[in-house]
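Note sheet for the following structure.
We did not get these values from a lab; they are worked out from the coordinates using the rules stated. Nothing here was measured: the structure is a model prediction, and the numbers come from that model. Cβ: placed from backbone, ideal geometry, glycine included. Neighbour counts: every protein chain shown.
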């Protein structure tokens, strides 16, 4: 009962936030492992969520703090939203996201049910809650459109293009809004058009705070404060990291 109460308190409030000068290792690992993230923007109390390809950059000549890079069509809804309201939230995780079949539900396409599935297939499905699973991270921050034609934009664009090496596998690719869409038939998955295209804008997200959770319900909160002393926690909580 005490454990349930503690998890509820941590999940519902922000009294346990810890000040840190760098991202926790488990958050860095999650950002480096995951392929995509969900980007949430909002204007006039109307939230909008986009599935995005991204690039995590720990530091560079343009920012000593970690940033997350994405690209977008300048006329997309997400772009219009963040111009009005730069506050954004990102959800990223490295879990396997396929829904495992149950006794009463068959996989689409007529795949066999669990009663006839091989032990190897069952093992692979169960990886979602074992070796592959770790945490999900909700990252709050502020987004900006990098100045068009600047050296900074070219740097981040080249890093993002270089990091986009998996869309040729055929599962997903960039769409015209700078997000992702399945079954794109372009040989390059749209990389050249929707990352390096002349009109494409580069989004830079500056991280403010992070919340992680795992499959057990454990919740941790951090506030990223570069150059600050993380000796104490927000609201006077216990020791920081």
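The table that follows gives values for the structure above.
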item	result
Fewest-first ranking of 215, 222, using other Cβ atoms within 10 Å as the exposure measure	215, 222
Förster radius 25 Å - calculated FRET efficiency between residue 150 and residue 49, Cβ distance, rounded to 0.05	0.30
Cα-projected label distance for residue 216 with residue 36, points at 7 Å along beta-carbon direction, nm	3.0
Least to most buried among 202, 67 (fewest other Cβ within 10 Å first)	67, 202
Label-point separation in nm, residue 28 to residue 64, each point 7 Å along Cα→Cβ	1.7
Residue exposure sequence - 146, 69 - by fewest surrounding Cβ within 10 Å	146, 69
